[in-house]
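Here the structure is laid out as structure tokens; the discussion comes afterwards.
The values are calculated or read from the model by the stated rules, or taken from the named source; none is laboratory data. Here the structure is a predicted model, which is why all the values come from computation and not from measurement. With ideal geometry, Cβ positions are generated from the backbone for all residues, glycine too; neighbour counts draw on all protein chains shown. Calculation scope for accessible area: heavy atoms of the full protein, side chains included, ligands and nucleic acids excluded. Shrake-Rupley method; radii C 1.70, N 1.55, O 1.52, S 1.80 Å.
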Amino acid sequence: MCCGNKRAQLGGTRPATQPAQAAPAGSARTGGFGRSMVYFRYTGRTGLLVKGGRTGKRYRFDFPGAVLAVDPGDRRSLLTVPQLTQVRSP
């Protein structure tokens, strides 16, 4: 039985790689500040909570392979975390 495109009318669902509590404020492209976002993939075994060195934002990677949009100001500090790898896009 078809849902009658009700899912599309509701705006779809959030991708599993970007949990709602982990996304920075604003849109993924600009972060609300007119700057492009950068993306990181978590390669560890469990989950990880990391605080951005410049903005102080907290980024929660809930599971291995999770990809999050990160404020460009926090890029340098996240590059120092061995379990995080910068990627082009989610």
Checklist entry - Quick one: length gained pulling Arg76 to Ser89 fully straight, 0.36 nm per residue minus the C-alpha distance? => result 3.0 nm
Checklist entry - Using 0.36 nm per residue, how much length does the chain from Arg45 to Arg60 gain when fully extended, once their Cα-Cα distance is taken away? => result 4.0 nm
Checklist entry - In angstroms, what radius of gyration and Dmax does segment 39-90 have, counting Cα atoms only? => result 9.7, 26
Item to check | Accessible carbon and sulfur surface of segment 31-90 relative to its total accessible area, %, 1.4 Å | outcome: 47 percent
Checklist outcome for this item: Total charge of the residues flanking Tyr42 in space, meaning their Cβ is under 10 Å from its Cβ, with Lys and Arg +1 and Asp and Glu -1, is +2
